[in-house]
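The values are calculated or read from the model by the stated rules, or taken from the named source; none is laboratory data. Only a predicted model underlies this, so the values are computations on that prediction, with no experimental measurement involved. Cβ atoms come from the backbone with ideal geometry, glycine included; neighbour counts cover every protein chain shown. What goes into the accessible areas is simple: the full protein's heavy atoms, side chains included, and nothing from ligands, DNA or RNA. Shrake-Rupley method; radii C 1.70, N 1.55, O 1.52, S 1.80 Å.
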Amino acid sequence: SAGAYVPAGVGGLDGYSEAFTALRKISGVVPSVMLMFGFNAGGGAYLPRQGSFMIQCDGTFFGLTGPGVVKSVLGEDISAEDLGGPKVHGQSGVVDLVTGDELGSLRTAIRLLSYLPDNNHSFAPFYPTSDPVDRFIYEEDILFRKTFNSPTGMNTPFDITLYLQQICDHGEFFELQPQRARNIVTAFGRIGGHVVGFLANNSAVSSGQIDIGASRKGTRFVRFCNLYNIPMVFVEDTTGFLPGRDQEHNGIVLEGRKLLDSIIDLRTPRLTLIIRNAFGGAYATFNSYFTGASMVFALPTARIAVMGPAGKEYVYKDEITGIQKEFQANIKKGMSEKEAITIRDTKLFEIGQRYEKELMNPKEALSLGSVSSIILPGYTRNVLSKNLNFLMSKYKPAEMSGPQREFE
């Protein structure tokens, strides 16, 4: 659609108003999937984005105005592909999925529908699985051993989708918005036949830090799962929210707050699995017990702390100051600079090791009850499945109720 039919006058605009209203009224009642075929502008762009999910295939365009209008108004020469093609909208989050052609869009929509409930007071389809939930996952154990035993140790990034493959039924999951904000992964999958929504930090991109794009992507997904009674699994491995001028100027506090609010408001069963890093505000935000988590688990590799390695500067401030003074004194006494540096760095390294051993581990979280238990690699699918089965047996699907919070 090229938008409102000009000769129809205001009547055409009123028709769009009616359509906008009708689509808005089913939002949150039944999920909807919109497929973008052809050239669409004006109201033809707004209407499909009112749906739950939007799929756009190559060779199509949609936007408020076409390239011709942009040229006449702003004097910019730009192609339809660069203005409103799937590559543009896939990265901005305007569309959730990009495909190669119309047939691919249709098949993708059918696959997506297999994870969605019929309405807001029913469960997503349960499919009994032939994949044993109690199997030991050797690949998971190998993945973590190879990752953390590498030369970069606990700082080694890895693609979290490799882990999701290990715990989902038959290794199958359905990722949403894969072109956008890859430092966080949103996906549907099944564990023991139950549909779950995954919100997972991805350390392979930007160390898994949560930025504005990741916050928006996560908020949208959590709110959808909340509306349609889909349980969630949070897979945590993040050093925190991304700092910096650009993030602050563009509202990371606001966007991070929206993500936090969406998690607090979540009413469905929700499990958290801390794989590695869980620091500061990111730990507090990312489905901790005190934001309402049903269960919180951690691997032995978990590092739960107020701050990452930089925290040693505060915890052992006096010792570090003493080491620096000793270094200066050694130089003044005539010790070679190389030897003095070696002594200093050795002692600083020992303090760093002590900080990790004493504070960057799940011991304190376990003692406080902030973590339910430690899971050994290879058993996570089993533990998640058993707890999910129990929680789902007690949960009754229903539409949202109660006070309406001040969220966007």
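Taking the Cα centre of the chain as the origin, how large is its charge dipole in debye, to the nearest 20, when only Lys and Arg (+1) and Asp and Glu (-1) carry charge on their Cβ atoms?
Magnitude of the dipole: close to 900 debye.
Return the single residue from Leu259, Leu388, Leu162 with maximal mean-square fluctuation; model: Gaussian network over the chain, springs between Cα atoms under 10 Å.
Leu162
Given contacts defined as C-alpha pairs under 8 Å and at least six residues apart, what's the relative contact order of the chain, whole-number percent?
Taking the mean separation of contacting Cα pairs over the length of the chain, I get 13 percent.
With a 10 Å cut-off between alpha carbons and a GNM built on the chain, which of Val29, Val69, Val253 moves the most?
Val69
Mean separation of Cα pairs under 8 Å and 6+ residues apart, divided by the residue count of the range 149-198: what relative contact order is that in percent?
26 percent
What does the C-alpha gyration tensor say about the overall shape of the range 1-72? Classify as rounded when a/c is under 1.5, otherwise prolate if a/b is larger than b/c, or oblate.
Verdict is oblate for the range 1-72.
Farthest toward the dipole's positive end in the range 185-326, which of Ile191, Ala278, Pro243, given Cβ charges of +1 (Lys, Arg) and -1 (Asp, Glu) about the Cα centre?
Result: Ile191, furthest along the dipole toward the positive end.
I need the phi-derived Karplus couplings for the range 357-368: 6.51 cos²θ - 1.76 cosθ + 1.60, θ = phi - 60°, integer Hz, Gly and Pro marked x.
5, 8, 10, 8, 7, x, 4, 5, 4, 5, 5, 8
Applying a 10 Å radius around every beta-carbon, put 327-337, 273-283, 117-127 in order of their mean neighbour count, most first.
So the peptides 327-337, 273-283, 117-127, ranked by packing, come out 273-283, 117-127, 327-337.
Amide H neighbours of Gly192 under 5 Å, counting only residues 5+ apart in sequence or on other chains, H built in-plane at 1.01 Å?
Under 5 Å from the amide H of Gly192: Asp169.
May I ask for the net charge around Gly59, where only other residues with Cβ less than 12 Å from the Cβ of Gly59 are counted and Lys, Arg are +1 while Asp, Glu are -1?
Computed value for this residue: -3.
Quick one: 3J(HN,Hα) in Hz for the range 29-44, Karplus 6.51/-1.76/1.60 with θ = phi - 60°, rounded, Gly and Pro as x.
Values per residue, Gly and Pro as x: 9, 10, x, 9, 10, 10, 10, 9, 10, x, 9, 9, 9, x, x, x Hz.
If contacts are Cα pairs under 8 angstrom and at least 6 residues apart, what is the relative contact order of the range 110-238 in percent?
The normalised contact order for the range 110-238 reaches 26 percent.
DSSP beta bridges in the chain, what fraction antiparallel, as a percent rounded to 5?
30 percent
Evaluate the distance, in nm, between pseudo-label points positioned 7 Å from the Cα of Asp141 and of Asp14 along their respective Cα→Cβ axes.
7.1 nm
Percent of accessible area on the chain owned by carbon and sulfur, 1.4 Å probe?
57 percent
Which loop-located trypsin sites (Lys or Arg not before Pro) does the range 25-120 contain, where loop means any DSSP state but H, G, I, E or B and the Cβ has at most 11 other Cβ atoms within 10 Å?
Listed in order of number, the matching sites amount to none.
Whose amide H sits under 5 Å from the amide H of Asn40, counting only residues 5 or more places off or on another chain, with H placed in the peptide plane?
Long-range HN contacts for Asn40: Phe61, Phe62, Gly63.
What distance in nm separates the two pseudo spin-label positions at Lys325 and Ser92, each 7 Å out from Cα along the beta-carbon direction?
5.9 nm
With a 1.4 Å probe and all protein chains left in place, how much accessible area per residue does the chain have, in Å²?
Each residue of the chain exposes 49 Å² on average to a 1.4 Å probe.
Using only Cα atoms, locate the centre of the range 134-161 and the centre of the range 319-339, then give the distance between them in Å, rounded to an integer.
40 Å
What is the set of long-range amide H partners of Met232 at a cut-off below 5 Å, with H atoms built 1.01 Å from backbone N?
Gly197, Arg270, Leu271
State which entries of Lys71/Lys217; Lys25/Lys217; Lys317/Lys338; Lys363/Lys396; Lys146/Lys338 exceed 28 angstrom in Cα-Cα distance in the structure shown.
From the list (Lys71/Lys217; Lys25/Lys217; Lys317/Lys338; Lys363/Lys396; Lys146/Lys338), the Cα-Cα distance tops 28 Å for Lys71/Lys217; Lys363/Lys396; Lys146/Lys338.
Could you derive backbone 3J(HN,Hα) for the range 167-180 from the dihedral phi with the Karplus parameters 6.51, -1.76 and 1.60 (θ = phi - 60°), listing whole Hz in sequence and x where the residue is Gly or Pro?
9, 7, 4, 6, x, 9, 9, 10, 7, 10, 6, x, 7, 10
Can you give me the angle between helix 212-227 and the longest principal axis of the chain, using Cα atoms only, in degrees from 0 to 90, rounded to the nearest 10?
For 212-227 against the chain, the angle is about 60 degrees.
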